[in-house]
Amino acid sequence: MGGAKRESALKTGLRGGHTFSFLLGILMKMRNLVAAAVAAAITLGSFSASASHSWNNYHWARTTASFNLQTLDSTVPGGTNANWPSLLGTAASQWSQSNSLNLVLSPFTNTSQSRRKCSAVPGKIRVCNAAYGKNGWLGLASINLDANGHISQGTAKMNDSYASVYAGDANEAKHVMCQEVGHTFGLGHTSEDGSSQNTCMDYSSSPTSTSPNQHDYDELAIIYQHLDSYNSYSTTSAVTAAEEHSMAGEVPLGHLVHQGAFEETWVAPDGKGGLWINHVTLAPPDAE
Ligand SMILES: [Zn+2]
Ligand SMILES: [Zn+2]
């Protein structure tokens, strides 16, 4: 796709405050703050040079207009209002209304130990819930960018240690599940000030902020408009022995590069020329 078209897609993304436009700022901050530790490992230049599309517009690489994103379900029912398997099913079918992607759900290892670690699986997203502790976050979405800057795996984790938050607000678990899953294919927030845009990608507690809206589908159409020269996703739900072996533990949180009222962004090098980008949905400050 041509340069002019790319630029207009980028502008649309920026105007909407959507997509990963904030990554430019992140990487600039990283240059200053953690240059010695991180720059050596990630070669910042490779992202802008090798991607054939705007570099802050992260997405899965695909050679076709639409693709199936294998979604491994490592959830079990949580507390009141937090029936994660059911909420994941709803989120997957809602996001699959996008013309750009289809989430294909498969049951996956869901022992307590495995859900706590929630190791990422190459080419797939994995959704887990567990009592991750009173660590400040309700939900955590992680995407791994390969050396070309494309998403190549991701995880979405829901924290049952804040079961009281979900129990006190029937919408919150839906909101968090929908949003963390939405991050795994390249959507950002529509706002970060608590205002409602009637989508789960905002930070409103409104009951209308629990599902994707048309703007999200439109945004995905923009992000996934072009084709890539390879696929960064896996075409099968099966996890090979080698992939299982490569599941080397928890996704690293890395360095805090963005702090908002409702969210944080953390970035870590993955040791293979790529990056982990982590979106945190913060627990309410008074949550117990
Ligand atoms: Zn691409
Ligand atoms: Zn978020």
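The values are calculated or read from the model by the stated rules, or taken from the named source; none is laboratory data. On a predicted model such as this, the values are computed, not experimentally measured, just so you know. Neighbour counts are summed over all protein chains in view; Cβ atoms, including those assigned to glycine, are modelled from backbone coordinates with ideal geometry.
Just a few scattered comments:
- Residue match in segment 170-185 (condition: of a type in the set (F, W, Y) and part of a helix (DSSP H, G or I)): no
Residue-by-condition table, conditions (1) away from ligand 1 (no atom under 16 Å from the Cβ); (2) surrounded by fewer than 19 Cβ atoms within 10 Å (Cβ to Cβ); (3) part of a loop (DSSP other than H, G, I, E, B):
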{"residue": "G89", "(1), (2), (3)": "yes, yes, no"}
{"residue": "Q97", "(1), (2), (3)": "yes, yes, yes"}
{"residue": "A120", "(1), (2), (3)": "yes, no, yes"}
{"residue": "K134", "(1), (2), (3)": "yes, yes, yes"}
{"residue": "Y162", "(1), (2), (3)": "yes, no, no"}
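- Selected residue [more than 16 Å from ligand 1 (Cβ to nearest atom), assigned to a strand (DSSP E or B) and not hydroxyl-bearing (S, T, Y)] from V280, V239: V280
- Where a residue in segment 262-288 is charged (D, E, K, R) and its partner, wherever it lies, is in a strand (DSSP E or B) and surrounded by fewer than 20 Cβ atoms within 10 Å (Cβ to Cβ), with Cβ under 7 Å and at least six apart: E263/L282; E264/L256; E264/H258; E264/L282
- Residue within segment 236-246 that is closer than 24 Å to S66 by Cα, of a type in the set (A, V, I, L, M, F, W, C) and modelled with pLDDT of 90 or more present: yes
- Test: residue in segment 194-203 that is touching a His at 6+ places or on another chain (Cβ under 6 Å), outside any helix (DSSP H, G or I) and touching a residue at least 12 places away in the same chain (Cβ under 8 Å): yes
- Selection over segment 210-225 of residues that are part of a loop (DSSP other than H, G, I, E, B) and either within 16 Å of ligand 1 (Cβ to nearest atom) or out of contact with any helix residue (DSSP H, G or I) (no Cβ under 6 Å at 6 or more places or on another chain) (or both) gives a count of 3.
Results for (1) out of contact with any strand residue (DSSP E or B) (no Cβ under 8 Å at 6 or more places or on another chain); (2) surrounded by 23 or more Cβ atoms within 10 Å (Cβ to Cβ), shown as yes or no for each residue.
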| site | (1), (2) |
| --- | --- |
| V165 | no, no |
| V176 | no, yes |
| N213 | yes, no |
| I222 | yes, no |
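- Hey, H279 within 16 Å of the chain's Cα centre (by Cα), under 30 Å from T63 (Cβ atoms) and not aliphatic (A, V, I, L, M) or not: yes
- In segment 140-156, residue farthest from ligand 1 (Cβ to nearest atom) [restricted to those that are at pLDDT 95 or above and small (G, A, S)]: A156
- Check on D228, over 15 Å from the mean Cα position of the chain (by Cα), within 23 Å of T71 (Cα to Cα) and part of a helix (DSSP H, G or I): no
- Of residues in segment 99-117 being in contact with a Phe, Trp or Tyr (Cβ under 9 Å, 6 or more places away or on another chain) and assigned to a loop (DSSP other than H, G, I, E, B), the one surrounded by the fewest Cβ atoms within 10 Å (Cβ to Cβ): N99
- Enumeration of residues in segment 157-204 that are of a type in the set (F, W, Y) and modelled with pLDDT of 90 or more: Y162, Y166, F185
- Only one entry of A141, A92, A131 meets the criterion of being within 20 Å of L253 (Cα to Cα) and either under 18 Å from the mean Cα position of the chain (by Cα) or among the acidic types (D, E) (or both), and that entry is A141.
- Checked against (1) under 30 Å from N83 (Cβ atoms); (2) within 16 Å of ligand 1 (Cβ to nearest atom); (3) of a type outside the set (K, R); (4) over 16 Å from the mean Cα position of the chain (by Cα), G186 meets all criteria but (4).
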